[in-house]
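The values are calculated or read from the model by the stated rules, or taken from the named source; none is laboratory data. Everything numeric here is computed off the predicted structure, so don't read it as measured data. Cβ: placed from backbone, ideal geometry, glycine included. Neighbour counts: every protein chain shown. Quick note on the areas: whole protein, heavy atoms, side chains included, nothing else; ligands and nucleic acids left out. Shrake-Rupley method; radii C 1.70, N 1.55, O 1.52, S 1.80 Å.
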Amino acid sequence: MPFEVRKVVLESVTDAGGLARLIDEQVFSADDVVAVIGKTEGNGGVNDFTRILADQAFREVLLDHGSRSPEEIAEIPMVWSGGCDGVITPHATIFARTPGDGSADGQPRLSVGIAMSDVVRPEDIGRPAMVEKVAAGVQRAMANGGIADPGDVHYVQTKTPLLTLEDVNDAKARGQTVFSEDIHASMDMSNGTTGLGVAVGLGEVAMPAAEQIGRDHSLYSSVASCSSGVELDRAQIVVVGNAPGAGGRYRIGHAVMRDALDFDGIYDAIRSAGLELPHRPHPDDLGGRVVNVFLKCEADPTGRLRGRRQIMLDDSDVHHHRHAKGAVGGVAAAAVGDPAVFVSVGALHQGPAGGGPVAAIVDVGNA
């Protein structure tokens, strides 16, 4: 079944008007929406409740405009990444099935698979149990999207739980331990452990030993983009790839940014999706055919960028997450000529240290 992919801007933290307009214009129906991936304008931290507000607004539109029950709508993955530092515009990318039987010519086109992992308990975060649960969920999502070959997967977006003080106390009450009681550190560790789960599920790496999680930076996924928050207790998993015969207008590709300035990685992802570009591209060369780009980034753990000293990790006033997100958001926005880009920070085990994966969705037409 073909997919429609559209990006809408959030004019306020509770604005789901863009989604409602697409439904009213019959671009797709409310009941055909299968996933939403978006950026909200909060602080991006543990207490960023803009994610919950946006989530509620989008689910309310689907409830009001469709026939699915609240329980069915609650199962739709909506991955909200908080923090629009720098020039990043709050927005959402919506994935919906559309009527049709796919393409008879067998050309690979975008397909989406979704799944929920088993419950991730506080004591699982940062440990092999979470890697195993995410890996199993990734494989279920591939099957759901009709993507048989892991090589056809170009983007895996997840949302997983992180630790709160309540979670820590719950684990202790059950006689369990957690990897750390540093609540903010649990965000990076949840993301990183999930990144390894994606890598294991796709066969990019072997199952890591417990002591490698969060420490061995040579282990990573080239397609994982992992976020975490307080709003769920399982891993929401959205696998996006290309499936032969899926039909539709869209293809997805991916590449890796080697560091925060590697805009060539962005263009390589766009080329991977099927859009021909000159050796040294300009945003005008994209022809309005890029739906969105999705990036993970981080402050380089060495404190250097192309040989130059960086202060992100030393700044006591502004967290390094915000430095990195604002900088890479500017690079990505300049590369594609659009500030509504999905840039998420905390790239542990997601791309090489100091860099991160980048995926691009392109409208290649019906040819």
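Kindly indicate whether any position in segment 117-136 is hydroxyl-bearing (Ser, Thr, Tyr), open to solvent by less than 70 Å² (accessible area, probe 1.4 Å) and within 30 Å of ILE213 (Cα to Cα). Working first, answer last.
Step one: of segment 117-136, the residues hydroxyl-bearing (Ser, Thr, Tyr) are 117.
Now drop any that are not open to solvent by less than 70 Å² (accessible area, probe 1.4 Å), which leaves 117.
Then keep just the ones that are within 30 Å of ILE213 (Cα to Cα); that gives 117.
Looking for residues that are hydroxyl-bearing (Ser, Thr, Tyr), open to solvent by less than 70 Å² (accessible area, probe 1.4 Å) and within 30 Å of ILE213 (Cα to Cα), one finds at least one in segment 117-136, hence yes.
List pairs: first in segment 156-172 and touching a residue at least 12 places away in the same chain (Cβ under 8 Å) and over 23 Å from GLY195 (Cβ atoms), second in a strand (DSSP E or B) and open to solvent by less than 40 Å² (accessible area, probe 1.4 Å), Cβ under 9 Å, 6+ apart or cross-chain?
none
May I ask you to say which residue of ILE147, ILE88 is within 21 Å of GLY274 (Cβ to Cβ), in contact (Cβ under 8 Å) with a residue 60 or more places away in the chain, buried (at least 18 other Cβ atoms within 10 Å of the Cβ) and touching a Gly at 6+ places or on another chain (Cβ under 7 Å)? Walk me through it before giving the result.
Details: ILE88 fails: within 21 Å of GLY274 (Cβ to Cβ).
None of the other options fit; the residue is ILE147.
Taking GLN176, is it in contact (Cβ under 8 Å) with a residue 24 or more places away in the chain and more than 17 Å from the chain's Cα centre (by Cα)?
yes
Against the condition open to solvent by less than 30 Å² (accessible area, probe 1.4 Å) and more than 17 Å from GLY195 (Cβ to Cβ), how does ALA340 come out, does it pass?
The answer is yes for ALA340.
Where residues in segment 26-83 are farther than 26 Å from ASN191 by Cα and among the polar types (S, T, N, Q), which of them is most open to solvent (accessible area, probe 1.4 Å)?
GLN26
Taking only segment 172-186 into account, find how many residues are at pLDDT below 95 and either closer than 28 Å to THR93 by Cβ or assigned to a helix (DSSP H, G or I) (or both).
Qualifying residue count, segment 172-186: 3.
I'm trying to understand the selection: among the residues of segment 282-335, which are loosely packed, with under 13 Cβ neighbours inside 10 Å, part of a helix (DSSP H, G or I) and free of Cβ contacts under 8 Å to residues at least 12 places away in the same chain?
Of everything in segment 282-335, just one residue is loosely packed, with under 13 Cβ neighbours inside 10 Å, part of a helix (DSSP H, G or I) and free of Cβ contacts under 8 Å to residues at least 12 places away in the same chain, namely ASP314.
Over 20 Å from PRO2 (Cα atoms), among the β-branched types (Val, Ile, Thr) and outside any loop (DSSP other than H, G, I, E, B) - does that describe any residue in segment 25-35? Lay out the reasoning, then the answer.
First, the residues of segment 25-35 that are over 20 Å from PRO2 (Cα atoms): none.
There is no residue in segment 25-35 that is over 20 Å from PRO2 (Cα atoms), among the β-branched types (Val, Ile, Thr) and outside any loop (DSSP other than H, G, I, E, B).
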